[in-house]
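Novice: What follows is a structure written as C-alpha cells; I'll ask about it next.
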Amino acid sequence: MRGLVIFLLIVVVMATFSFVVLSTKNNNDMKAAMLEKPKILDFGTFTSAVCESRKDIVNCKDEVFVKCNGKVTKAVDVAECNGFKIDVPKATGAAVFGNDWKDPRN
C-alpha cells in the first residue's frame, strides 16, 4: 500500500511540474505575440464588367476581382492572400450591346 501511495505522489508531482512548465511557456508565447505589431490586411473583392467587341455587338460579362496587398487581379488567378484561401464565387451578370455602344467607364 505504501508503494502505491508513493507512486501516486510521484505522478502528482510530475503532473504539477509539467503544468507549471507548460503554462510558463504559453505565457511567454502570449507575451511575444502581444509585442508583435498587428498586420494590417489590405484585402477586398469586387465585380467588374469585362467587355469585348465581336462583329456587330459588344459582349460584357461580370468577373470577380481580388485586391490583395494593393494588387488587383482576377479572382481565378489568385489561390490565396496572406494565408487566406480564396474560393471564387461565380458572377452571373452579362449584357449584349450594339456595336455603336460607348462604354461609360472609358
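Novice: Check Phe65 against each of (1) among the hydrophobic types (A, V, I, L, M, F, W, C); (2) at pLDDT below 85; (3) assigned to a strand (DSSP E or B) and name the one condition it does not meet.
Specialist: So the condition that Phe65 fails would be (2).
Novice: Taking segment 55-79 as the search range and keeping residues that are of a type in the set (A, V, I, L, M), closer than 15 Å to Gly44 by Cβ and in contact (Cβ under 8 Å) with a residue 24 or more places away in the chain, which one is surrounded by the most Cβ atoms within 10 Å (Cβ to Cβ)?
Specialist: Only one residue tops the list, namely Ala75.
Novice: Identify all residues within segment 66-106 that are polar (S, T, N, Q) and under 30 Å from Asp56 (Cα atoms); write none if there are none.
Specialist: Thr73, Thr92, Asn99, Asn106
Novice: Residues in segment 94-106 that are surrounded by 10 or more Cβ atoms within 10 Å (Cβ to Cβ) and at pLDDT below 80: how many?
Specialist: Matching residues across segment 94-106 total 3.
Novice: State all residues of segment 80-102 that are of a type outside the set (D, E, K, R) and either farther than 16 Å from Phe46 by Cα or in contact (Cβ under 8 Å) with a residue 60 or more places away in the chain (or both); if no residue qualifies, say none.
Specialist: Selection gives Asn82, Gly83, Phe84, Ala95, Val96, Phe97, Gly98, Asn99, Trp101.
Novice: Here is a follow-up. When only residues in segment 35-59 that are over 24 Å from Val76 (Cα atoms) and acidic (Asp, Glu) count, which is modelled with the lowest pLDDT?
Specialist: Glu36
The values are calculated or read from the model by the stated rules, or taken from the named source; none is laboratory data. The structure presented is a predicted model; accordingly, all values stated were derived computationally and were not measured. Cβ sites come from the backbone with ideal geometry, for glycine too, and all protein chains shown count toward neighbours.
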